[in-house]
Amino acid sequence: DSGVTQTPKHLITATGQRVTLRCSPRSGDLSVYWYQQSLDQGLQFLIQYYNGEERAKGNILERFSAQQFPDLHSELNLSSLELGDSALYFCASGVSGRGSYNEQFFGPGTRLTVL
Amino acid sequence: AQSVTQPDIHITVSEGASLELRCNYSYGATPYLFWYVQSPGQGLQLLLKYFSGDTLVQGIKGFEAEFKRSQSSFNLRKPSVHWSDAAEYFCAVGSSSNTGKLIFGQGTTLQVKP
């Protein structure tokens, strides 16, 4: 158990809908990272938040957004869903202070199926 | 741009045999390198990491990896594979910025024959 929790574990929805994925980082970790794992794209970095502020952006679609709250949990919002958004979405957390690097601990993921 | 290549998509080894999974990276400076394992239906678990210093790093579950700058490689090894090692293995490189985002290879699926 990494200490990172993600809910829900599975999500099935229809095209055009909006969903919210939730992540709680390990106690003490200030950074939250979101990754998407799909068969055709592999594991891709989406976005990072550090202590409530956006730190880095990767291959995240405009239909997707994220935020990190004062209690450090994070939510990834996916809207106008398409079939191609079906994937496993991972959250990871790390201490990751400015100017330093720390390993990331991954949650179990949320499997999103868009029908 | 940073990138990671895992040349072998699928590898099958017999239980008790040795294992080497290949990883090549493209990076402008000294990289931060990682190996993660993903069992079916599970998240990613960190096996080992290289930041600096000794180029041979030891990890959990009896795995080790060697950083070779001249070959831009960070291959994962295990002297004797157990059936429970069957999983997907990912090599990753850390970003040059202070964000810490990871760039992953495509993964290698390991099958273990009894």
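Results, tabulated for the structure shown:
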item: Solvent exposure of the protein assembly as shown as accessible area per residue, Å², 1.4 Å probe; result: 47 Å²
item: Convex hull of chain A built on C-alpha atoms - directionally averaged projected area, nm²; result: 6.7 nm²
item: Stretchable slack from A:THR113 to A:GLU75, in nm (0.36 nm times residue separation minus alpha-carbon distance); result: 11.9 nm
item: Chain B - Kirkwood radius from inverse mean 1/r over Cα pairs (Å); result: 14.2 Å
item: Given chain A, longest segment not containing exposed loop trypsin sites (Lys or Arg not before Pro) (DSSP; at most 15 other Cβ within 10 Å); result: A:19-62
item: Residues A:GLN67 and A:THR15, FRET efficiency given R0 of 41 Å [Cβ-Cβ distance, rounded to 0.05]; result: 0.95
item: In the A-B interface, the accessible area buried, summed over both sides, Å² (probe 1.4 Å); result: 1700 Å²
item: Region A:1-63: GluC sites (Glu not before Pro) in DSSP coil with no more than 15 other Cβ atoms inside 10 Å; result: A:GLU62
item: All Cα pairs of the protein assembly as shown, percent lying beyond 28 Å; result: 30 percent
item: Calculated P(r) tail over 11 Å for region A:1-50, as whole % of Cα pairs; result: 77 percent
item: Chain B - percent of accessible surface contributed by carbon and sulfur, probe 1.4 Å; result: 48 percent
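The values are calculated or read from the model by the stated rules, or taken from the named source; none is laboratory data. The shown structure was predicted, so the numbers you read here are calculated from the model rather than taken from an experiment. Note that we place each Cβ from the backbone using ideal geometry, even for glycine, and neighbour counts take in every protein chain shown. Quick note on the areas: whole protein, heavy atoms, side chains included, nothing else; ligands and nucleic acids left out. Shrake-Rupley method; radii C 1.70, N 1.55, O 1.52, S 1.80 Å.
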